[in-house]
Amino acid sequence: MRSFVRALRPAVRRSQAVSAPRIQRGTQAGFPALQCGRPFSTTHTRRDASLADVAPTPITHFSEVETAMAETVQKFANDVILPKVRDMDEAEQMDPAVVEQLFEQGLMGVEIPEEYGGAGMNFTAAIVGIEELARVDPSVSVMVDVHNTLVNTAVLKWGSEALKKKYLPRLATNTVGSFCLSEPVSGSDAFALATKATETESGFKISGGKMWITNSMEAEFFIVFANLDPSKGYRGITAFIMEKGMKGLSIAKKEKKLGIKASSTCVLNFDDVEVPKENLLGEKGQGYKYAISLLNEGRIGIGAQMTGLALGAWENAVKYAWNDRKQFGKLVGEFQGMQHQIAQSYTEIAAARALVYNAAHKKEAGEDFVMDAAMAKLYASQVAGRVSSLAVEWMGGMGFVREGLAEKFFRDSKIGAIYEGTSNIQLNTIAKLLQKQYTV
Ligand SMILES: Cc1cc2nc3c(=O)[nH]c(=O)nc-3n(C[C@H](O)[C@H](O)[C@H](O)COP(=O)(O)OP(=O)(O)OC[C@H]3O[C@@H](n4cnc5c(N)ncnc54)[C@H](O)[C@@H]3O)c2cc1C
């Protein structure tokens, strides 16, 4: 399949040429939106209006590049990933050929600038890709999500020029990355982590371990958070880069899971891993700030994964109810009781998407998006759970058996309420920010 990145480079350059007016504060206008052949897009293109005159654009309108991303990833997911989804889930393993294709398509370096071998696109383009992948396989989607929104972003934001030159071309073309924060003792309370770093002559020595690390089976690059000065509490937390093969780093147990089974989730052990000086990421003691900032962005990605999942589950079931299954002499999707549930579910997916893309556009506009990201992740994961559950019911016995994908979408949906901050943690964030706003 032709490389997506190369095909889109001229459009990316065109969109970068108009990037300044797009990020004006307080407007989501200025997106040279094309009519998109996807669900939810019902309005027309306005290519040639002067940017200054453009009226506010619907939240879910995409730029030319984002539209091309959606269409290309949709085709890639259906042609290349869909035939493998069931087998990868049963084997609880990502097919290496899929990973290779993700790199080939440029989906592992969406925001990495061209000078480092990436696609040089924007954050929303990454979100669009994550959503489209989840419509077919949420496991593949989370691999791309973690790699792009957490790992690549960390290097782009805080890596020295030497680290960027060394690692970004690899992250864009052949090296999977992991984001290693959680530990047995620290999940929601992430900054209670116990992994320790000590300074040595040549760099740092890291001991401890991590738990539930996505991509860790395939990864060769790890962003690891460890405490360099426990006397300072969370202000001692520092970010480091580890590579597979460093002495003392071992990928231990691979978890068996309820859902997203093809996505690897492992325990990592650090037995005095020697990390060279230059692999310090950013500044000492700033790790907690980096983790918070990354997770705030990452939550928009998980929101997109969940809206993609919900839409995939919905489409899979309505195809059956409106085309295949007849009872009482009628297609089951013609009964009003079914139609109301179908309509309600689609409305909820549309609402979740609006939250996700609003958060993405606010981030791109340089506005404060923390509460928006928390609301998007919270609501999208709730919708994914509700819709994928109903979708199983709409298909009756066929939804429950492992022949189709309905039961898989349902199992996969549960993780949305857990990783990158549980639903309670999102509610805490939303409530805290609201209270601040409304306390006189
Ligand atoms: C499949 C999978 C992949 C993951 N991938 C990664 C990864 O790549 N990198 C990484 O670092 N981590 C990863 N994680 C870890 C994940 O982020 C944590 O599981 C998550 O943050 C929750 O932590 P916990 O499991 O320890 O739950 P706990 O923190 O023990 O929470 C248990 C319950 O208590 C509630 N709770 C806790 N504190 C509060 C509070 N203050 N207020 C209200 N309720 C509260 C929670 O909402 C939850 O319902 C992954 C986890 C899974 C399952």
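Throughout, read-outs are computed from the coordinates displayed, never taken from laboratory work. Just so you know, these numbers come straight off a predicted model, no measurement behind them. No Cβ is skipped: glycine too gets one built from the backbone with ideal geometry, and neighbour counts run over all protein chains shown.
Shown is the FRET efficiency for residue 335 and residue 367, computed with R0 = 56 Å from the Cβ-Cβ distance and rounded to the nearest 0.05: 0.80. For the chain, the longest stretch holding no GluC sites (Glu not before Pro) located in a DSSP loop with at most 11 other Cβ atoms within 10 Å is which? Excluding the exposed sites themselves, the longest stretch runs over 202-402. The slack between residue 277 and residue 253, meaning 0.36 nm per residue of separation minus the straight C-alpha distance, is 5.7 nm.
Computed from the C-beta positions of residue 14 and residue 78, the FRET efficiency with R₀ = 41 Å rounds to 0.90. Entry note, the chain: the mean residue ellipticity at 222 nm calculated from DSSP H runs of n ≥ 4, each adding -39500 (n - 2.57), is -15000 deg cm²/dmol after division by the residues and rounding to the nearest 500. Taking label points 7 Å from Cα along the Cα-to-Cβ direction, residue 414 and residue 100 give a separation of 3.4 nm. The stretch between residue 401 and residue 55 holds 119.7 nm of extra length on full extension. This uses 0.36 nm per residue minus the Cα-Cα distance. Each part gets one Cα centre, and for segment 229-249 versus segment 99-113 those centres are 27 Å apart. Compute the label zone of residue 286 within segment 233-267: residues whose backbone N is under 19 Å from the point 7 Å along Cα-to-Cβ. Within reach of a label on residue 286, which here means backbone N under 19 Å from a point 7 Å along Cα→Cβ, segment 233-267 contributes 233-242. Packing-based ranking of 368-381, 423-436, 170-183 yields 368-381, 170-183, 423-436, ordered from highest to lowest mean Cβ neighbour count within 10 Å.
Bridgeable lysines around residue 414 (alpha carbons under 17 Å apart, same-chain partners fewer than 8 residues away excluded): 256, 257, 261, 377. Annotation: for a label point projected 7 angstrom from Cα along Cα→Cβ of residue 438, residues of segment 361-387 with backbone N closer than 16 Å are 371-372, 375. For residue 3 and residue 430, the difference between the fully extended length at 0.36 nm per residue and the C-alpha to C-alpha distance is 149.7 nm. Scanning the chain for long hydrophobic helices, with DSSP H runs required to stretch 15 angstrom or more by C-alpha along their axis and to average at least 1.0 on the Kyte-Doolittle scale, returns 123-134. Computed from the C-beta positions of residue 165 and residue 231, the FRET efficiency with R₀ = 35 Å rounds to 0.50.
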